[in-house]
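Working notes, beginning with the structure itself.
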Amino acid sequence: MDIKKRLYYILLVIFLVVLAGSSGYYILFGGKPKYMDCLYMTVISLTSVGYGEILEVTGNVPAQIFTMLLITFGMGIILYGISTLTAIIIEGELTGILRKNKMEKQIKKLINHYIVCGGGETGRHVVSELIKNREKVVLIEHLEDNIEKCGHIEGLLYIKGDATDDHNLITAGIDKAAGIVICLPSDKDTLYVTMTARMLNGNIRIISRMVDQALQPKLKKAGADSTVSPNFIGGLRMASEMLRPTVVDFLDSMLRSSQGHIRIGQLDIKKNSKAIGKKISDLELTDKFNLVVLGSRYQDREIHFNPPPSTVINEDLTIIIMGDVENIARAKEVF
């Protein structure tokens with residue numbers, strides 16, 4: 001039984017026992033005593049505090065029989081409830097509920113965050129990389145083992161549940177999320193979540209993992225902005241290790257640099273940005289932010305590598321930069 005249901009069940013049973021005891025006394029004494037006195041008599045009987053009789057039970061055979069039954073069965077129920085609550089606290093389940101509620105409140109406040117469905121071998125690295133880039137992330141994972149393996153990632157928010165359940169996507173704030181990465185082991189589940197995510201948020205960016213590359217057209221039609229095949233990427237990586245090992249070492253060094261978290265990022269110039277109308281050189285990305293400009297692109301056009309400093313910045317321009325994640329984040333805030 002779910003922990004919340006167990007708690008509600010225990011509290012309900014205790015409430016019913018107290019209610020039955022109070023009402024029983026009230027009926028046995030013909031409705032003459034105050035109901036509060038009947039409630040008080042029930043509580044001191046069940047707890048065996050021995051304060052004395054508030055109602056005249058002695059000499060009243062029906063009341064005496066009722067009291068004995070109430071103490072015998074009622075106390076057993078009360079003790080069972082207390083032992084169950086104690087076990088829940090000792091086992092840490094109550095702490096888990098409080099942590100879950102706190103986490104859900106934090107998730108409700110998120111805007112423009114990222115959702116990762118699946119915390120397995122692929123999803124774990126996705127979550128880690130997003131958080132290293134100072135992004136807000138919510139993981140949806142139903143396996144406790146995978147959640148524990150992601151536990152070392154500082155600042156991780158998660159929802160324990162099935163990503164194919166629409167309720168979990170809504171709880172993760174998909175309507176306010178900037179993107180969702182779907183790393184589920186089943187291609188069928190990936191297709192379903194892709195379609196659901198697009199229905200729940202028409203503007204969200206969707207990246208879907210696939211095992212069978214033949215699924216790509218279906219994922220695209222379902223709403224995926226981009227698809228990734230680990231087998232295909234792994235094959236390219238192995239070929240690159242053979243043909244251009246120095247380049248691969250350079251890219252790897254960015255991920256494992258001892259001088260900080262070096263990454264290739266992008267500045268998306270949107271409407272009302274203070275960068276519009278200026279030249280790339282006017283942004284002083286190198287002098288102020290210690291960033292290297294690698295390229296630029298307008299929406300879906302071809303990437304322009306090493307754009308001239310005199311390039312005028314207009315709306316919908318994306319500037320590709322490289323540098324420390326902290327400096328990239330500062331540049332994003334400014335521009």
#### Entry: aspartates and glutamates whose Cα lies under 16 Å from that of Lys270, excluding same-chain neighbours fewer than 8 positions away
Asp300, Glu315, Asp316, Glu333
### Query
Membrane-span-like helices in the chain: DSSP H runs reaching 30 Å or more (Cα, own axis), mean Kyte hydropathy at least 1.0?
3-28
## Note on the structure
Candidates Val193, Val181, Val247; GNM for the chain (alpha-carbon contacts under 10 Å) flags as most fluctuating Val247
### Summary
Most exposed to least, judged by fewest other Cβ atoms within 10 Å, Val138, Val325 sort to Val325, Val138
### Summary
For the pair Ile262 and Lys5, the simple spin-label estimate (label points 7 Å beyond Cα toward Cβ) gives in nm 5.4
### Summary
For the chain, the charge dipole (Cβ of Lys, Arg +1; Cβ of Asp, Glu -1; about the Cα centre) points to a positive end, and the Cα of Gly202, Gly30, Pro307 closest to that extreme belongs to Pro307
### Summary
Cross-link reach from Lys160 to lysines, straight Cα distance under 27 Å and at least 8 residues apart if same chain, gives Lys4, Lys5, Lys100, Lys102, Lys105, Lys108, Lys109, Lys132, Lys136, Lys149, Lys176, Lys188
### Message
Taking the Cα centre as origin and putting +1 on Lys and Arg beta-carbons and -1 on Asp and Glu beta-carbons, what dipole magnitude results for the chain, to the nearest 20 debye?
### Response
800
#### Entry: For segment 3-91, size of Cβ-based charge dipole, Lys and Arg +1, Asp and Glu -1, in debye
320
### Task
Assuming R0 = 51 Å, can you tell me the calculated FRET efficiency for the pair Leu85 and Ser226, based on Cβ-Cβ distance, to the nearest 0.05?
0.55
## Note on the structure
Once Gln216 and Lys132 are pulled to full extension, the length gained, defined as 0.36 nm per residue separation minus their Cα-Cα distance, is 27.4 nm
### Query
Val138's amide H: which non-local residues (gap 5+, or another chain) put their own amide H closer than 5 Å, with H modeled 1.01 Å from N in plane and none for Pro or chain starts?
Tyr114, Ile115, Val116
### Query
Ignoring the sites themselves, what is the longest stretch of the chain with no GluC sites (Glu not before Pro) in a DSSP loop and at most 15 other beta-carbon atoms within 10 Å?
155-283
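Compute, for segment 110-234, the length of the dipole vector about the Cα centre, with Cβ point charges of +1 (Lys, Arg) and -1 (Asp, Glu) only. Units Debye, rounded to 20.
My answer is approximately 500 debye.
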### Query
Given (1) 20; (2) 43; (3) 16, which label gives percent of Cα pairs over 37 Å apart as computed from the coordinates?
(2)
### Task
Tally the DSSP beta bridges in the chain and give the antiparallel ones as a percent, rounded to 5.
45
### Query
When the chain is modelled as a GNM with alpha-carbon springs shorter than 10 Å, which of Arg209, Arg99, Arg198 fluctuates the most?
Arg99
### Query
So how much slack lies between Glu53 and Asp300, counting 0.36 nm per residue of separation and subtracting their Cα-Cα distance, in nm?
80.5 nm
### Task
Taking 7 Å along the Cα-to-C-beta vector as the label spot, tell me the Met36-Leu69 distance in nanometres, rounded to one decimal.
2.9
### Message
Under a crude label model (7 Å from the Cα following the beta-carbon direction), how far is Lys149 from Val61 in nanometres?
### Response
7.1
### Message
5 Å is the cut-off here: which amide hydrogens, built 1.01 Å from N in the peptide plane, fall below it relative to Gly295, excluding neighbours closer than 5 in sequence?
### Response
Asn306, Ile320
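Bear in mind these aren't lab numbers, they're just calculated from the coordinates by the rules spelled out. The model shown is predicted, which means the values in this text are computed figures rather than measured ones. As a convention, Cβ positions derive from the backbone with ideal geometry for all residues, glycine included, and neighbour counts pool all protein chains shown.
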